[in-house]
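Trainee: Have a look at this one before I ask anything.
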Amino acid sequence: MPAPAPRPLDFTVLGPLRAWRDGTRLDLGPIRQQALLAALLLRPDMTVSGRELLDGVWGAEPPGSGSKIVPVYVHRLRRRLGAVDDCPRESVIARERGGYRFVSRESTLDLTRLDQIADEAAAAKITGDLTAAVSACQRALELFQGEPLAGLPGPFAEAERLRLEERRLTLLQEKVECQFQLGRPVDAIGELHAQIAKHAHSETLTALLMRALYGSGRQADALTAYSQLRHRLVEDLGVEPGERLRSVHQAVLRGDDAALGLIPRGEPRAGERSQTRSTRHVPDELPAGVGDLVGRQEELDLLTCGDPAVSAVDGVAGAGKTALAVRAARQLCHRYPDGCLFVDLHGHSEHREALPPERVLRRLLRAIGAAHAFDDLDELVAFWRSATAGLRLLLVLDNASGADQVRPLLPAGADSRVLVTSRHRLVGLDVDRRISLGPLTRQAAEELLTRIVGAERAAREPDAMGELARLCDRLPLALCIAGARIQSRPAWAIGHLVRRMADDERRLAELTAEDRSVEAAFRLSYARLPAAERHAFRALGTTPAGQAGHRALAATLGWAAHRAEQALENLVDASLVQQPSVHRYRLQGLLALFARRLAAEEHQVPGREGPVTVGTAPALL
């Protein structure tokens, strides 16, 4: 019987080296071991000898064990990346004659995505669509999550770090040149200031900054930028600026727009249709196609009535938080003439870390056309609040990880409005209105299913429709997946899927359709829990009824009662556990199945000396 195909891995190198499998971050081990992985990863499908790996990772200071360390590290990496000991061929690291090879077909790499987007930018420039080119360059730049291969030692990592950093600067240069041709030099100033703070001796960046400042009517500032760089070069390196930068300096002195590659004032801009220089861009970033909104009229009315400054919507994965927030924003946007902004904060996103507030603030400031030169969070927060004072903005912050991610993003004044969605209750955030989404009513759940499968099929099997809604916990994500599966199979009766889902062992597997999966959504929530909460969640899943009191759970886990209570309360705040009464905690049906599966995968509920097996769980009742 052939072995199952390995599940794909996802790697990032445009920042710290990281790896995920099925949305779960993998521990890649010691730093030198990570450097060895990078040396293979960045030469995909090429055989790299043990000597090359040794030299690339340790350089002139090889380890005492010499080349023997290489197969040891490869073996450990295979285990961490998911290979089975007796099936080494399943690993993405293949043993070849003369070395090792990273097999790229079973993985994704952010650098590959960077290449694809850079190609899009180049194609847009060729066709003259400079706005699209700027957008593509920006998307490529946003793939960088700090210093490439941050912290990895060895000559290979250092050389790749320099190469990737140069790639970043090239993309920035291409983006800025397009902005110049569009007549938007002011858009480039803040980002150029930020990069010069990191590359203090860069003549290329300073030349771009001088052109951007001059094109924005700031000739004196452009000349100051030249003087400051010249001073640094002379003081630090003992050299004068190069000929190219000196020519930019002379062009600024002469006021020579053509020599600076800028559009003279009054001339039409490239790549734009009929915008005048005074036209103010009003952003509208609300996404389309976020799904049906059924049975949430009461919550929608709460979100759209009155003028609360901050409203928060929380609920379990798949409850329809984003759909509700976007629908509310669509109804409200006419009240906010300065723009409607939308940001996915990636608090619970597959293969993505939660966005840091600094990055979000830079994006928001770009969206409202507020140039800046700040990197420090406190400075960015102050500038954002200053820039939004007096504006009427609608801001949707979707998929937040916690209050600390949201708090710095709140605009100034009472004239703007913020809608926040999160799987967590954000109890640490001061909000004016808080809405927790539970399951749909039976009527609403069946209405949503009917919209998907069609009224005729639904009318033929009304009892099956009700049972299908129950098996889906009346959870919108589960209902949409189940409905889509029926819709795509005309030969199926609704009762056929009901019978398949009646089997607890396969119900979660049935609620999967291409890239949508109820279990995958739950796993993202579970993966971000602290260890104690994960233990408590699994233990609660081993009870036949999926519910227990905190003292019984504490006894089973060998914990103090207050520790168990705190873990369960945190699970309530994470929208994973319900609290029907004080000191009583319950898992909803699909979450109970998921917790039970996790406990089975673990084979025990850890937490005290000696294993606490699943078989002890009835004591929790």
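The values are calculated or read from the model by the stated rules, or taken from the named source; none is laboratory data. Being a predicted model, the structure only gives us computed values, none of them experimental. In this analysis, Cβ positions are derived from the backbone assuming ideal geometry, glycine residues included, and neighbour counts consider all displayed protein chains.
Trainee: Please enumerate the residues belonging to the range 305-316 that are surrounded by fewer than 23 Cβ atoms within 10 Å (Cβ to Cβ) and either out of contact with any helix residue (DSSP H, G or I) (no Cβ under 6 Å at 6 or more places or on another chain) or of a type in the set (A, V, I, L, M, F, W, C) (or both).
Mentor: Those that are surrounded by fewer than 23 Cβ atoms within 10 Å (Cβ to Cβ) and either out of contact with any helix residue (DSSP H, G or I) (no Cβ under 6 Å at 6 or more places or on another chain) or of a type in the set (A, V, I, L, M, F, W, C) (or both): Cys305, Gly306, Asp307, Pro308, Ala309, Val310, Asp314.
Trainee: In the range 284-297, is there at least one residue being outside any loop (DSSP other than H, G, I, E, B) and out of contact with any Cys (no Cβ under 6 Å at 6 or more places or on another chain)?
Mentor: Of all residues in the range 284-297, those outside any loop (DSSP other than H, G, I, E, B) come to 284, 297.
When the remaining residues are screened for being out of contact with any Cys (no Cβ under 6 Å at 6 or more places or on another chain), the result is 297.
Scanning the range 284-297 turns up at least one residue that is outside any loop (DSSP other than H, G, I, E, B) and out of contact with any Cys (no Cβ under 6 Å at 6 or more places or on another chain).
Trainee: In this structure, does Gln33 turn out to be in a helix (DSSP H, G or I), within 30 Å of Gln179 (Cα to Cα) and modelled with pLDDT of 90 or more? Explain how you work it out, then say what you get.
Mentor: Details: in a helix (DSSP H, G or I): yes; within 30 Å of Gln179 (Cα to Cα): no; modelled with pLDDT of 90 or more: yes.
No: the conditions fail for Gln33.
Trainee: Could you list, in sequence order, the residues of the range 561-586 that are in contact with an Asp or Glu (Cβ under 6 Å, 6 or more places away or on another chain) and either over 18 Å from Arg434 (Cβ atoms) or of a type in the set (Lys, Arg) (or both)?
Mentor: Matches in the range 561-586: Ala567, Leu571.
Trainee: Would the range 428-446 turn up any residue that is aliphatic (A, V, I, L, M) and without any contact (Cβ under 8 Å) to a residue 40 or more places away in the chain?
Mentor: Initial filter on the range 428-446 (aliphatic (A, V, I, L, M)): 429, 431, 435, 437, 440, 444-445.
Subsequent filtering for residues that are without any contact (Cβ under 8 Å) to a residue 40 or more places away in the chain retains none.
Within the range 428-446 (the criterion being aliphatic (A, V, I, L, M) and without any contact (Cβ under 8 Å) to a residue 40 or more places away in the chain), the answer is no, since none of the residues qualifies.
Trainee: Among the helices (runs of 4 or more DSSP H) lying completely within the range 338-434, list those that include at least 3 residues that are among the hydrophobic types (A, V, I, L, M, F, W, C). Lay out the reasoning, then the answer.
Mentor: Working: elements: 357-367, 377-388, 403-406.
It comes to 357-367, 377-388.
Trainee: Among the numbered conditions (1) under 26 Å from the mean Cα position of the chain (by Cα); (2) under 24 Å from Ala140 (Cβ atoms); (3) modelled with pLDDT under 95, tell me where Val103 comes up short.
Mentor: Going through (1) under 26 Å from the mean Cα position of the chain (by Cα); (2) under 24 Å from Ala140 (Cβ atoms); (3) modelled with pLDDT under 95 one by one, Val103 breaks only (2).
Condition check ((1) in contact (Cβ under 8 Å) with a residue 24 or more places away in the chain; (2) crowded, with 16+ Cβ neighbours inside 10 Å) across all residues:
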site	(1), (2)
Ile117	yes, yes
Ala122	no, no
Val134	yes, yes
Ala140	yes, yes
Leu149	yes, yes
Glu158	no, no
Leu162	no, no
Ile189	yes, yes
His201	yes, no
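Matching residues to (1) farther than 24 Å from Asp10 by Cα; (2) surrounded by 13 or more Cβ atoms within 10 Å (Cβ to Cβ); (3) not acidic (Asp, Glu):
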| residue | (1), (2), (3) |
| --- | --- |
| Gly64 | yes, no, yes |
| Ser91 | no, yes, yes |
| Ala94 | no, yes, yes |
| Arg105 | no, no, yes |
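Trainee: Can I ask one more? Within the range 499-513, take every residue that is touching an Asp or Glu at 6+ places or on another chain (Cβ under 8 Å) and either of a type outside the set (Gly, Ala, Ser) or not assigned by TED's automatic domain parsing to the domain that holds Cys480 (or both) and give me the one that is nearest to Leu593 (Cα to Cα).
Mentor: Selected residue: Leu508.
Trainee: Can you pull out every residue in the range 188-209 that is part of a loop (DSSP other than H, G, I, E, B) and among the aliphatic types (A, V, I, L, M)?
Mentor: Listed by number, the list holds a single entry, Ala200.
Trainee: When you look at Ser67, is it at pLDDT below 85, part of a helix (DSSP H, G or I) and of a type in the set (S, T, N, Q), yes or no?
Mentor: Values: at pLDDT below 85: yes; part of a helix (DSSP H, G or I): yes; of a type in the set (S, T, N, Q): yes.
So Ser67 fits the description; yes.
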